[in-house]
Amino acid sequence: MAERAALEELVKLQGERVRGLKQQKASAELIEEEVAKLLKLKAQLGPDESKQKFVLKTPKGTRDYSPRQMAVREKVFDVIIRCFKRHGAEVIDTPVFELKETLMGKYGEDSKLIYDLKDQGGELLSLRYDLTVPFARYLAMNKLTNIKRYHIAKDFDIAGNFDPMIPDAECLKIMCEILSSLQIGDFLVKVNDRRILDGMFAICGVSDSKFRTICSSVDKLDKVSWEEVKNEMVGEKGLAPEVADRIGDYVQQHGGVSLVEQLLQDPKLSQNKQALEGLGDLKLLFEYLTLFGIDDKISFDLSLARGLDYYTGVIYEAVLLQTPAQAGEEPLGVGSVAAGGRYDGLVGMFDPKGRKVPCVGLSIGVERIFSIVEQRLEALEEKIRTTETQVLVASAQKKLLEERLKLVSELWDAGIKAELLYKKNPKLLNQLQYCEEAGIPLVAIIGEQELKDGVIKLRSVTSREEVREVDVRREDLVEEIKRRTGQPLCIC
C-alpha cells in the first residue's frame, strides 16, 4: 500500500510538471520526454483494483430462482419425492465436494468437466459431478450392502444382491411414473446393455483400448447422423472404415423384445459371451416391464451408449418426443430428461477388500424439466401461487392492530398458515386486494361489532359461491378454516 501511495504521488507530480511545461510553451521535445516519463510511471502503477467496477452477477453456469420459479421447482420435487417414497426409498445426503481421487477415472471423457477446488488443508478436493459416485463411496465407507435410497429429489438407487432385472425393472417403472405425473409431454425410454455394446464392438473388430472412446461416438447418434459419427470414429479416432460399417449395421437398429430375440439368433453376436448375457437379461427385463404395464414406453436402442465409465449392465435414457411433422413419420427425440443404469463394480473401487455391491439407479434431469414446465406455464399464462397462506387476518376499522395480532397468533399456534399486513390501520380494500394478488383463499375480518358478538367474519376471496361471507364463532374459526382449505383437523 505504501509503495502504491508513493507511485501515485510521483504520477501526480509528473502530471503537474507536464501541465506546467505546456503552459510555459516549452519545446515539443522536452514535453514529449516528460510525457513518456509520465506514461512509464502510470504503467508501473497499474490499475487500482479497489476502484475497478464490480460486475454484480452469478457465477457462470449458475442462476438465481425467483419465488415463482421456486414454486415450480417445489411442485416438481414434490412429484418426484412422493414417487420415490411410494417405492420405499430412504433419503441420504453427501457433501457437495469430494476428495479429487474419489471422482477421477469414473466418468470417461466427462472427467474434464469436474471442477477442482483449491488445496484445503492438504486435501485435493473437487465438486461432485453427479450423485452416483458419492453414493458408492458412502456405501463402501459405511460397509452397507443393501439399501434403497433417494438423494436431493433427483437420484434413486437400489443397492444389494437380488435376482436379475427385478430392481432394474422397478427403476424404469419409477422413471415412467415420474415423467407421466409431471405431464411434460410424450416420452420414450431407450434401453441397452453395456455388455451388448462391448460384445458388439468385439465382434466388429474394435480393439479393447478403443471401446470407451468409440462408445462415446456412438452415444452421439441421437444428435447427429450416422455419417457424422462414422467420420468421427474413422477420422478422429483412427477406426478402420470397414469396422465402422459393421458397427453401423447394429447401432442403427431399435425396437422391442422382438429385436432382442432377433439378436439372440444373430450368428456372430450370439457367439459372444458378454453380449449373450446382456441379451438374456434384456429379454427378462421386457417380461417384467410388460407386467408393470410400461413396455409400450420402452425401446431397445443399440445406439444408446451412456458415456460414463462405471456402467456395467443395463443402461437407459428417457427422451421427450416431438410430434412428427407428417403422418407416418416416427416421433423425434428432443432431449434427455432422465437416465440411469446398472453399475455393479463401482462400490468395489472404494472398498479396501474390493467387495462388490451390485447397484442400479436413475437420475431425473430436474433442470431441464423445470425449464419445460416454466415454458408451458408461461405459454398458458397460468398464475402460480408463491405462498401457501390460507387466510389473511384483516380489520374493518382502525385501531384494531392488537386484535389482529392476537388472532393471527392463535391461528399460527393452531397450525394455520396465516398473514396480516404490517400496518396499524390498513384499509379493508387494500387488504382484500392483497388477498387476490397473492391468491389467498380466505380472509378473517375483525370489526368492533364482531368483537362484541364473539364472531369473526370469514370471507371467501377466490370462490364463486353465492354466500361468500359468514360469521363464525371465534372458538370454531380454526376448524372452519381447516374444513374450507382441506387441511386435516388434527395432526396424528
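Here are some notes:
- Where labels lie 7 Å past Cα in the beta-carbon direction, separation of Q253 and K424 in nm: 8.4 nm
- Anisotropy class of region 43-176 from Cα gyration tensor, a/c 1.5 cut: oblate
- Region 51-107 and region 195-237 have Cα centres spaced 32 Å apart.
- Convex hull volume per residue, computed on the Cα atoms of region 347-492, equals 216 Å³.
- Nitroxide proxy distance, nm - points 7 Å out along Cα→Cβ at L30 and Y115: 5.9 nm
- Using only alpha-carbon positions in region 158-279, the gyration tensor eigenvalues give semi-axes of 28, 20, 14 Å once each is multiplied by 5 and square-rooted (largest first).
- Accessible area, probe 1.4 Å, largest first, for residues R149, R306: R306, R149
- One quarter of the surface of the convex hull around the alpha-carbon atoms of region 397-455 equals 4.1 nm², the direction-averaged projected area.
- Of the residues V443, P164, L10, the one whose Cα sits farthest towards the positive end of the charge dipole of the chain is L10 (charges of +1 on Lys and Arg Cβ, -1 on Asp and Glu Cβ, taken about the Cα centre).
- Of the cross-linked pairs K75/K457; K106/K190; K220/K297, those separated by over 26 Å at the C-alpha level are K75/K457.
- Using just its DSSP H runs of length 4 or more, each adding -39500 (n - 2.57), the chain gives a mean residue ellipticity at 222 nm of -13500 deg cm²/dmol after division by all residues.
- Considering region 128-183 at the alpha-carbon level, its Rg and Dmax are found to be 12.8, 39 Å.
- In the chain the Cα-Cα distances spread across 20 Å bins starting at 0 as 17, 35, 25, 19, 4, 0 percent of all pairs.
- Distances between placed amide hydrogens fall under 5 Å for L302 paired with Q253, all partners being 5 or more residues away or on another chain.
- Estimated FRET transfer efficiency (R63, F211; beta-carbon r; R0 22 Å; 0.05): 0.05
- Taking 0.36 nm per residue of sequence separation and removing the Cα-Cα distance, the D266/A379 pair yields an extension gain of 35.8 nm.
- Shape category assigned to region 95-249 from the gyration tensor of Cα positions, a/c cut at 1.5: oblate
- Taking each residue as 0.36 nm, the span from K22 to I166 lengthens on full extension beyond its C-alpha to C-alpha distance by 42.9 nm.
- The calculated pair-distance distribution of region 343-383 uses every alpha carbon pair, bins of 5 angstrom beginning at 0, and gives 6, 19, 13, 10, 8, 8, 8, 8, 8, 7, 4, 1 percent.
- Counting only residues at least eight positions apart within a chain, or on another chain, the lysines with an alpha carbon under 16 Å from that of K417 are K406, K482.
- Extension gain for the segment Q183 to K406, taken as residue separation times 0.36 nm less the Cα-Cα distance, is 75.9 nm to one decimal.
- Taken over region 1-63, the alpha-carbon convex hull comes to 122 cubic angstrom per residue.
- Qualifying trypsin sites (Lys or Arg not before Pro) for region 1-51 [loop in DSSP, other Cβ within 10 Å: at most 13]: K25
The values are calculated or read from the model by the stated rules, or taken from the named source; none is laboratory data. Keep in mind it's a predicted model, so treat the numbers as computed, not measured. Note that we place each Cβ from the backbone using ideal geometry, even for glycine, and neighbour counts take in every protein chain shown. SASA here: full protein model, heavy atoms, side chains in, ligands and nucleic acids out. Shrake-Rupley method; radii C 1.70, N 1.55, O 1.52, S 1.80 Å.
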